[in-house]
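Presented below is the structure to which this report refers.
Just so it is clear, none of the values below were taken in a lab; they were calculated from the coordinates. Quantities reported herein were computed from a predicted structural model and do not represent experimental measurements. FYI the Cβ positions are ideal-geometry reconstructions off the backbone, even for glycines, and counts take in every protein chain you see.
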Amino acid sequence: MHVLLAASELHPFSKTGGLADAVAALGLAVSQAGFRVTVITPLYRGIQAKYPEIRPMGWPFDLRVGPELVSGQFHRLDPSPGLSIWFVEQSGFFDRRGLYNEGQRDYPDNAQRFLFLSKAAMLAARYHPEPPSLIHCHDWQLGLLPLLVHHARVTGSWPDAPRTVFTIHNLAYQGVFPVESWQYTNLPWSWFHLESAAHHGRLNFLKGALYLADALTTVSPRYAQEICTSEYGCGLEGVLRRREHDLTGILNGVDYSEWNTNANPALNHAYDAQHLAGKGANKASLQVEMGLPVDPEIPLFGNISRLTDQKGCDLIADALEELLPRTPLQFVLLGSGDPVLEARFRELAKRFPENVAVKIGFDARLAHRIEAGTDFYLMPSRFEPCGLNQMYSLRYGSIPIVRHTGGLADSVIDPRDDADRANGIHFQEPTAEALEWAIQKAVVLYRDPVAIHHFRVNGMSADLSWSKQAADYLRLYRDVLHGP
Ligand code: ADP
């Protein structure tokens, strides 16, 4: 079987969040299971310079995007047996400072950019010397690809077009554009209706996939249930309920070759569940690096995030303001996003220089050191499709404190659910009070070295690898192709 994956981000070439990690790890795991995998993704600015081994394929093409004929070409990299990455070069669309936006402003031509990517993926699938039997598309940027493929299949222009699978990594981002953007699909207007991509008088990329992909997945079993409700469905719960039987939740995994505590060049000290001394040494190094007093006795909490409403970082700031004057703890934050939240955390660091350290920005290596150096990891998300950082924390022995939602509830075990296997702390309500309660619980736990060791070793030895999840995807691919 040959599977074509299409995504707007791919680690280590481009990344704004968990999508990049998930697609890279899935591609690798499926190819390691013996299948051929081709990944289609944009050639963004800087990728070619950083990876000179990426070579043009000598396959220039022109694609219609509305009235324009837009030229592009594929560049290729074969990082491991069975796995090829085809980068789509279109400098006008992808040679820019950001992936989707600059500052807080989305690029005004995102509809054209990602329709171009979708059409390039379709071209690659159609004319590949060994055509894929399945196209697996990810998130709203590729939301209209299942619709384009379905159109080609039913109108007879591509009768043996592959089946399509679409994965929702985050339902909150839907790719919503004015109706006029439909022209960039170059499909007839009769295909723009409520059971395709029309939604409240606008074009909705994600909705197109929800109706027209052959199968739908999302990134945790609990989120698959949640998004069929009005509380989490972001206005698309009606469509999702209609397709409930075609929707599967498969938890993302962790790429342990990347996220490991031994032989990791980003870390100052190696350690693992059997040799935990290095964990303490990483804590001291992190305290130095972030300008906090070095103190093994004080519990150190961390967070690495896009600073958005989803991640509940405002709850962290509220809870810290309440707790810090009377509770001995330290907190480090690495993140960027909402300027109001950025300012709020900078202010907290100024007010509590002995307790709070903040780095605004994106720093992949520091992310590893925070996971390794902290005792607890805070993830108070209002909703969380899967979440990767709580899983990285488990692996790095930083005990996650999570809201009981989505993939957080599916991956972290609270002692009230299973005392023997407990590896984290859950709290229910998305409020600062509930988070405060959980942080206080952690502070108490920290005074009990036996309990901390139990939680830590449970987390570090949990199997969150991709091999199990890849088997679930392969089963799904077979069901889509041959029926359950
Ligand atoms: P989401 O995809 O919703 O942002 P996830 O937890 O699924 O959240 O994945 C986030 C990924 O992005 C993790 O790999 C995390 O370490 C990384 N990340 C987020 N913000 C930063 C940052 N400021 N610096 C470095 N890595 C970051």
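The table for this structure:
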read-out	value
Test: residue in the stretch 30-50 that is within 16 Å of the ligand (Cβ to nearest atom), part of a helix (DSSP H, G or I) and under 20 Å from the mean Cα position of the chain (by Cα)	no
Lone unmet requirement of (1) away from the ligand (no atom under 16 Å from the Cβ); (2) part of a loop (DSSP other than H, G, I, E, B) for GLY98	(1)
Near pairs, Cβ below 7 angstrom, 6+ apart or cross-chain, from the stretch 65-79 (closer than 13 Å to LYS119 by Cβ) to any residue that is acidic (Asp, Glu) and in a strand (DSSP E or B)	LEU69/ASP62; VAL70/ASP62; SER71/ASP62; GLY72/GLU89
Where a residue in the stretch 7-23 is more than 12 Å from ALA364 (Cβ to Cβ) and within 12 Å of the ligand (Cβ to nearest atom) and its partner, wherever it lies, is among the basic types (Lys, Arg) and assigned to a loop (DSSP other than H, G, I, E, B), with Cβ under 8 Å and at least six apart	GLU9/LYS15
Checklist (1) within 15 Å of the ligand (Cβ to nearest atom); (2) in contact with a helix residue (DSSP H, G or I) (Cβ under 8 Å, 6 or more places away or on another chain); (3) touching a residue at least 60 places away in the same chain (Cβ under 8 Å); (4) of a type in the set (S, T, N, Q) applied to THR327, failing item	(1)
Filter result (among the charged types (D, E, K, R) and free of Cβ contacts under 8 Å to residues at least 60 places away in the same chain) within the stretch 359-377	ASP363
Count of the stretch 356-369 residues which are in contact with a strand residue (DSSP E or B) (Cβ under 8 Å, 6 or more places away or on another chain) and either exposed (fewer than 14 other Cβ atoms within 10 Å of the Cβ) or within 14 Å of LYS283 (Cα to Cα) (or both)	4
Selection from the stretch 351-363 of residues that are assigned to a loop (DSSP other than H, G, I, E, B) and within 11 Å of the ligand (Cβ to nearest atom)	GLY361, PHE362, ASP363
